[in-house]
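The values are calculated or read from the model by the stated rules, or taken from the named source; none is laboratory data. A quick note: this is a predicted structure, and the numbers were derived from the prediction, not measured. Neighbour counts run over all protein chains shown; Cβ positions are idealised from the backbone, glycine included.
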Amino acid sequence: MKAPMIHKIADNNGSIATSYATFDSVQAFNDFVDSQAAVLNTHNRGVLKRMNERTASRIRKSSTWYGSPNPKDVSELNDHKYFLGMELLRTIQPKIKDKLAEYIKLISDQILSKPKVAYNDRGLGVFSFDRAAMGLYRLQPTRKKKPIENIISQLQIELDTSNKTTAVKSVFAYFKDRKSSYPALRLYLMSGGNAKVEGDELLYVGLGCAELVEFMEVRGVAVEVNTLLGTSFNDNVVMGVIRIKRFQDRLDKNQLLLMTSDPRYFRYRGFKSLIALSDHFGLNIPDGLGSLKENMGKDFVKEITEKQDGYAVFEQSYSINEAVREVTQIIENYTQQISKK
């Protein structure tokens, strides 16, 4: 595979402080990590080996660091590509929805109103099977003149086909008065968390983002979603920017939660990627793999976007209240921008 381009950002003193690379998809990022991990320099290869040893030790001790259930071995973590916290998701997501409803009702009613569903009989929009079923009835075939026509009618009755219609004419659904002129929004999410954060607490930022994307797109706002996966050490910042959703795509919630909120992914393949990225940038990462600084994601995005509007950054949110606070702040900032235009 082709190695990603290396980008660098200098600090105010003129020295190189930040190195980063961009990836068009989660698959492209995973392919890079596996490819680069196979050609690490001697130092970084030793860091990866010692990381594997620590990981195996935590698994033997049934640590909650990787979320639940506990993985069986290191290879299971290395092969982990799908979000497994669906049971936890079903518990937490309704709570986030309820919390958000308390905050955004005023914004929804006054500025970003949710378009209402309307129906028509002209074929505009999406056919609604539920609406058509409200007036569904069976047509009784009349006797035909030709014997073959009578046989066909009888077969249709037996097979229960071609003899149904509906009294409801307006069966095509569309959004009424939906605006298409709202400026697009580009989201960045800082993945993972420092060592003291429990595995399942990583889930909130991804769920908060998923709710924000749904809230915005149903109102006609195109949204792009990117994950930031990085670390800082020895006056260096190492960052990978991985696109999860293009503006025109539907959100793949599995990929979003895997990359931003899954402790199994972040605390093995995510750590492995920090080693791979550092090696690709020509840096020797320490055994501790560096740390996440406060507002690291916001500071990084501010540099690469050159002060343009139309973006927002999630930092680490380790509780429902923190995630909701970040979502509502992003919505408020966005509505302030469009109200000025």
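Remarks
Let's see how each residue does on (1) out of contact with any strand residue (DSSP E or B) (no Cβ under 9 Å at 6 or more places or on another chain); (2) outside any helix (DSSP H, G or I); (3) not basic (Lys, Arg):
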{"position": "Tyr20", "(1), (2), (3)": "no, yes, yes"}
{"position": "Gln36", "(1), (2), (3)": "yes, no, yes"}
{"position": "Leu48", "(1), (2), (3)": "yes, no, yes"}
{"position": "Met51", "(1), (2), (3)": "yes, no, yes"}
{"position": "Asn70", "(1), (2), (3)": "yes, yes, yes"}
{"position": "Tyr82", "(1), (2), (3)": "yes, yes, yes"}
{"position": "Leu89", "(1), (2), (3)": "yes, no, yes"}
{"position": "Lys97", "(1), (2), (3)": "yes, no, no"}
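- One residue stands out in segment 221-260 among those that are small (Gly, Ala, Ser) and farther than 18 Å from Phe29 by Cα: the one that is nearest to the chain's Cα centre (by Cα), namely Ala222.
- Test: residue in segment 27-47 that is modelled with pLDDT under 90 and of a type in the set (S, T, N, Q): no
- The residues of segment 217-235 that are over 25 Å from Tyr265 (Cβ atoms) and either modelled with pLDDT of 90 or more or not acidic (Asp, Glu) (or both), listed by number, are Val218, Arg219, Gly220, Val221, Ala222, Asn234.
- Count of segment 252-281 residues, restricted to those that are of a type in the set (Asp, Glu) and at pLDDT below 95, is 2.
- Tabulated pairs, segment 60-80, first under 25 Å from Ala276 (Cα atoms) and in contact (Cβ under 8 Å) with a residue 24 or more places away in the chain, second assigned to a loop (DSSP other than H, G, I, E, B) and among the charged types (D, E, K, R), C-beta under 8 angstrom, 6+ apart or interchain: Trp65/Glu198; Gly67/Asp262; His80/Asp262
- Of all the residues in segment 31-52, those that are polar (S, T, N, Q) and surrounded by fewer than 18 Cβ atoms within 10 Å (Cβ to Cβ) number 4.
- For segment 209-259, a residue qualifies if it is touching a Phe, Trp or Tyr at 6+ places or on another chain (Cβ under 6 Å) and small (Gly, Ala, Ser), and the qualifying residues are Gly220, Ala222.
Table: residues versus (1) part of a helix (DSSP H, G or I); (2) modelled with pLDDT of 80 or more; (3) surrounded by fewer than 22 Cβ atoms within 10 Å (Cβ to Cβ).
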{"site": "Arg250", "(1), (2), (3)": "no, yes, yes"}
{"site": "Leu283", "(1), (2), (3)": "no, yes, yes"}
{"site": "Leu289", "(1), (2), (3)": "no, yes, yes"}
{"site": "Lys307", "(1), (2), (3)": "no, no, yes"}
{"site": "Val313", "(1), (2), (3)": "no, yes, no"}
{"site": "Lys341", "(1), (2), (3)": "no, no, yes"}
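- Residues satisfying the stated conditions in segment 53-68, i.e. hydroxyl-bearing (Ser, Thr, Tyr) and outside any helix (DSSP H, G or I): Ser62, Ser63, Ser68
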